[in-house]
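First comes the structure, then the notes that go with it.
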Amino acid sequence: MSVFLSALLNTVQQYGYPALWVSIFIAAVGLPLPIVLVLLAAGAFAALGQFNIILLTAISISASVAGDNLGYLIGRLWGSKALSWLERSSFGKRFIKPNSVARSRLYFKKRGGWAIFLSRFLVAALGGIINLLSGTELYPYRYFLLFDIAGETLGALIPLLLGFAFGASWDAIGNVIGSLSLFTLGLLIVIFLCMRLLRYARGAQKSRQSSPVIQNTLSAAEVAPMIDPPSPSSGHLPLP
Amino acid sequence: MNARLKLMGTGILLCLALGLTVFCAVQTVKDIQSFEQNHKLASSGDVSTIRSWMTVPFISHFYHVPEGYLLESLHITNELSVRHVPLQALAGHIKRPLNSLIHDIQHAILNYRKQYPTPTANSRHAKEPSPGTVERKKP
């Protein structure tokens, strides 16, 4: 166990619920704290009777939703302004194509809900970035809050209940959750790349299907002078 | 050419991602096996499962040994000051190496089990002795 995690657990045990709320809030804003492990440990201590599991659940959901909202607000206030500036400035125009910001906003509006929901419990490391991105992309706040609360409820309940059920083995469960989360991330990347590869392959197939027509047209134009030999006035000598 | 480059780049990335995914899958299976082993040991009350994050009350509850007995064997008199302190912090508090502290606790638990062999001592799910019983058993 890292010294950092040990210090965090020590603080949570000594100062109780307020320390837990603050650490979850900080992690939700985007600081990389091992909060899943802390929740697993808190669940284990709740089994001992040191914490109340219902109060723990309420505290972790409220803290993480508050932190996520702060991340969203930062993105909405400053991120969107920075993006608009990049879109307009000559510096940004080198990297961002015209209308690409509007397109990305439309895309995020369509698919962002899943990203928000899944990043709360499945790939928790991406949570802070997704919050900022949601604000920056001006994702509707109502939907953000809905997906956030749903995801965070699962994100709090899973480690707390696992810690509560398995007590002393919570650190081993933490390893399982960590590797499972990485596996899920890898799987999502593989699926994304496969879809991209399929799209490229379809595009290549389409262009191959349309290319013979162009070739035929070109070849007819090119072949014509060879069929009709040039007249002597053109300056070319007729072949023997 | 551009499309071919894109295709090649995506293919290489896909291979890397596949490798990472397979590695993580193997790691997940290993971690699950390790968890099962650890949980089995912990459930049977094996003292090797004592960890640095555990507090004295946690150990007392989990291994069915009176808290007072543990504190006494560690020569700790001020019970309240160490109640919510994990072993790692406790080792720093009493200026002792962590491994030695864990070793002493393991010995104390084993000694207690030798002195008071009960069917509940090695079972995690068994009923914990009542406070009165603990007080009477306390040497």
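Just so you know, all these numbers are worked out from the coordinates, no wet-lab data involved. Bear in mind that the values here come from a model prediction, so they are computed numbers and not experimental data. Cβ coordinates were reconstructed from backbone atoms using ideal geometry, including for glycine residues, and neighbour counts include every protein chain displayed.
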Inset, instruction - Could you tell me whether any residue of segment B:23-46 is over 25 Å from A:PHE164 (Cβ atoms) and exposed (fewer than 14 other Cβ atoms within 10 Å of the Cβ)? - result: yes
Inset, instruction - Output the qualifying pairs, or none if there are none: Cβ atoms under 7 angstrom, residues six or more apart or on different chains, first residue in segment A:170-186 and more than 7 Å from every other protein chain (Cβ to nearest Cβ) and within 13 Å of B:PHE23 (Cα to Cα), second residue of a type in the set (Lys, Arg) and assigned to a helix (DSSP H, G or I). - result: none
Inset, instruction - Tell me which residues, restricted to segment B:53-103, are within 14 Å of chain A (Cβ to nearest Cβ), touching a Ser or Thr at 6+ places or on another chain (Cβ under 8 Å) and more than 23 Å from A:GLY16 (Cα to Cα). - result: B:HIS64, B:LEU98, B:ILE102
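Yes or no: segment A:60-70 includes at least one residue that is acidic (Asp, Glu), farther than 28 Å from B:ASN99 by Cα and out of contact with any Pro (no Cβ under 9 Å at 6 or more places or on another chain). Give the steps one after another, and end with the answer.
First pass over segment A:60-70, keeping only residues acidic (Asp, Glu): A:68.
After this cut, where a residue has to be farther than 28 Å from B:ASN99 by Cα as well, the list is A:68.
After this cut, where a residue has to be out of contact with any Pro (no Cβ under 9 Å at 6 or more places or on another chain) as well, the list is A:68.
Taking every residue of segment A:60-70 in turn, at least one turns out to be acidic (Asp, Glu), farther than 28 Å from B:ASN99 by Cα and out of contact with any Pro (no Cβ under 9 Å at 6 or more places or on another chain).
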Inset, instruction - Please work out which one of (1) in a helix (DSSP H, G or I); (2) more than 8 Å from every other protein chain (Cβ to nearest Cβ); (3) touching an Asp or Glu at 6+ places or on another chain (Cβ under 9 Å) is the condition B:ASN38 fails and give its number. - result: (2)
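Just checking, which of B:GLN33, B:GLN27 is within 7 Å of chain A (Cβ to nearest Cβ), assigned to a helix (DSSP H, G or I) and within 16 Å of A:ASP171 (Cα to Cα)?
On the way: B:GLN33 fails: within 7 Å of chain A (Cβ to nearest Cβ).
Of B:GLN33, B:GLN27, the one residue that is within 7 Å of chain A (Cβ to nearest Cβ), assigned to a helix (DSSP H, G or I) and within 16 Å of A:ASP171 (Cα to Cα) is B:GLN27.
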Inset, instruction - Given the conditions (1) more than 14 Å from chain B (Cβ to nearest Cβ); (2) without any contact (Cβ under 8 Å) to a residue 60 or more places away in the chain, report the number of the one that A:PRO32 does not fulfil. - result: (2)
